[in-house]
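The values are calculated or read from the model by the stated rules, or taken from the named source; none is laboratory data. These figures come from a predicted structure and were not determined experimentally. Here the Cβ positions follow ideal geometry from the backbone for every residue, glycine too, while neighbour counts run over all protein chains shown. These accessible areas exclude ligands, DNA and RNA; they are computed on the full protein's heavy atoms, side chains included. Shrake-Rupley method; radii C 1.70, N 1.55, O 1.52, S 1.80 Å.
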Amino acid sequence: MTVKKILACGLALLSVLYPLGTLRADIDPDTLATLKSRFVAADKNGDGKLTREECQSGMPRIYRGFD
């Protein structure tokens, strides 16, 4: 996965975690790096998206946000 895709995934993930434009500019870089690495690890097929099943096993807190 390219750096550009990883960053896009991280931003997509953050938009889920911080809805409605409440994302703060002072997010700890270590926290952001952790989120990115967990996203990449959960994305088993490497398509840059997380399915319900990928979230369930890899990112359970995000999974709870699925309908």
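Tell me, please, whether a residue that is part of a loop (DSSP other than H, G, I, E, B), modelled with pLDDT of 85 or more and either open to solvent by 50 Å² or more (accessible area, probe 1.4 Å) or not hydrophobic (A, V, I, L, M, F, W, C) (or both) can be found in the range 21-44.
Yes.
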Six or more apart or on different chains, Cβ atoms under 8 Å: show the pairs whose first residue is in the range 20-48 and within 21 Å of residue 60 (Cα to Cα) and of a type in the set (S, T, N, Q) and whose second is at pLDDT 85 or above and part of a helix (DSSP H, G or I). 45/54
